[in-house]
Amino acid sequence: MKTAISIPNSLFQAADRFAKRLGISRSELFQRAVRTFLRDNKQEGVTEALDKIYETGGEKSELDPIISNLQGASIAREDW
């Protein structure tokens, strides 16, 4: 797909020189750059999404005491 984007002249010139140095087209350079940017930023928003899932509306978020006791009892007793 062809598209038009606007970038500063200095960025265009730097990208052009870099593409030539790598022996690739500008299109390939921009494809690689966008692909890398998307890969590196795909985790963006994960923390916010998890916060929404686990938000408690101001309530304390603690494990139920019965479950806590059962979990503790299920662990073998060892001398330290």
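Every read-out reported here was derived from the displayed coordinates using simple, explicitly stated rules and does not represent laboratory data. What you see is a predicted model, and the numbers here were worked out from it, not measured in a lab. Note: ideal-geometry Cβ built from the backbone for every residue, glycine included; neighbour counts use all protein chains shown.
Tabulated data
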read-out	value
For the stretch 9-55, with +1 on Lys and Arg beta carbons and -1 on Asp and Glu, the positive-most of 53, 13, 30 along the dipole	13
Rounded to whole Å, sorted largest first: equivalent-ellipsoid semi-axes of the chain, Cα gyration tensor	54, 19, 10
Under the Karplus curve 6.51 cos²θ - 1.76 cosθ + 1.60, θ = phi - 60°, whole-Hz ³J(HN,Hα) for the stretch 19-31, x wherever Gly or Pro sits	4, 4, 5, 7, x, 10, 6, 4, 4, 5, 4, 5, 4
For the stretch 9-55, projected area of the alpha-carbon convex hull averaged over all directions, nm²	4.3
